[in-house]
Every structure is written in C-alpha cells, then in structure tokens.
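To keep things clear, I will list the structure first and then write my remarks on it.
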Amino acid sequence: KTREDRIREYREFIDLLRTRLPKLRRLGAQIVLQLNFGCPNTDNPLESLRGETLECLRIARESGLPLMANFNALVTAKLLLELEQSGLVDCFWIANSTPYHTDRIGEIIFGEEVSPMRQRGFGDDGGISGPLCLHYTVVTIRAARQLGVKLPIIAGNGVQSIGAVKLLKD
C-alpha cells in the first residue's frame, strides 16, 4: 500500500533471490530480472513512481543480473531516457498493457464504461492487451528513439502479426 512497503518488499525479494542464484546458475539458467513498474492493475499511477522506480532498480542491481524495466504503453520517452542514462537498466519491455480508459479502448472492447476489474470489486480499472493497443506501443517506442533511447526495447502489447512487427520496424 505504501512506498516504504514496496521498497521493503523489493529489498526482501532481492535478498532472497541472491541466496537462490548460485543454484540457478549451477543449473545453467540464463536469468534476466524483469521489474514491472506502472502496471494499470495497481493503485500506483506511473507518474508517481519515478523516484521509486530508480530506488527499486538500485536495489535490484545488487543481484548482478541484467535488468529489464517493464512499463505500460503510456510511459514517457523522457522517463525511459532518464532510466537509460542512470545505468540501472539494461533493456525495456513496452507495454505490459494499456490503461482501460485510454481513448476508450476498454469500452470499445468490452462494450462497457465500467471495467471488468471494477465490476469484480477491484479498486482500479486495470489494463487492456491486444491489437487495439499496438498504436500506443508504437508511439511510445518511436518517441523514445527520437529522444535518443538506445537500449533494446521489447515491444509486447498489440504485436500479434507480421504487419505489427513491420510497423514497429519502421
């Protein structure tokens, strides 16, 4: 619920992970740690997590693993560039989902203004995945590249065809 609780949870997770890494490495595991920031299924708006994201990445960097920062499609190119310049992240995953009410895409898909998550009693509207979200993924990645982001970006949400891949490539 609180920033302090989330930071403490990151610390506990990384400390636990570090105790398990030697065994995983003996098994030949190739590990990249993906950290999910700004998921629309939480009470934490992406714009409020900037400082917390940096702090969590600093903690996760202690694992010695490559780090992938995962954001929804509305992350700003400016934040991606700032994270790249911090040296705390090795690549990005865009987008785990797109917030339900973005340009009414949730309403278009589900036919209802109230999201299924709210209907089930959750406190947030959640996110949408699928072909209608491709536009937001493309816009975010293009903006990041135009601003100078050079790190690898894995495009996820909406990429469901060869045509979508070609659109991202352009």
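The values are calculated or read from the model by the stated rules, or taken from the named source; none is laboratory data. This is a predicted model, so every value here is computed, not measured. For neighbour counting, all protein chains shown are included, and Cβ atoms are generated from backbone atoms with ideal geometry for every residue, glycine included. Accessible surface areas use protein heavy atoms only, side chains included; no ligands, DNA or RNA. Shrake-Rupley method; radii C 1.70, N 1.55, O 1.52, S 1.80 Å.
Quick notes on this structure:
- Spherically averaged projected area in nm², based on the convex hull that wraps the Cα atoms of the range 68-160: 6.3 nm²
- Mean accessible surface per residue for the range 64-152, computed with a 1.4 Å probe while every protein chain stays in place, in Å²: 49 Å²
- Nonlocal Lys pairs with alpha-carbon distance under 28 Å, the chain (8 or more apart, or different chains): 6
- Site-free segments of the chain were taken between trypsin sites (Lys or Arg not before Pro) in DSSP loops having at most 11 other Cβ atoms within 10 Å, sites themselves excluded; the longest one is 2-119.
- On the principal axes of its alpha-carbon atoms, the chain has extents of 49, 41, 32 Å, going from largest to smallest.
- MRE, 222 nm, helices only [DSSP H, n ≥ 4, -39500 (n - 2.57), over the chain, to nearest 500]: -14000 deg cm²/dmol
- Radius of gyration and Dmax over the Cα atoms of the range 109-148, both given in Å: 14.3, 41
- Bridges between two residues of the range 1-136, per DSSP, are antiparallel at a rate of about 20%.
- Cα-projected label distance for LEU151 with ARG25, points at 7 Å along beta-carbon direction, nm: 2.2 nm
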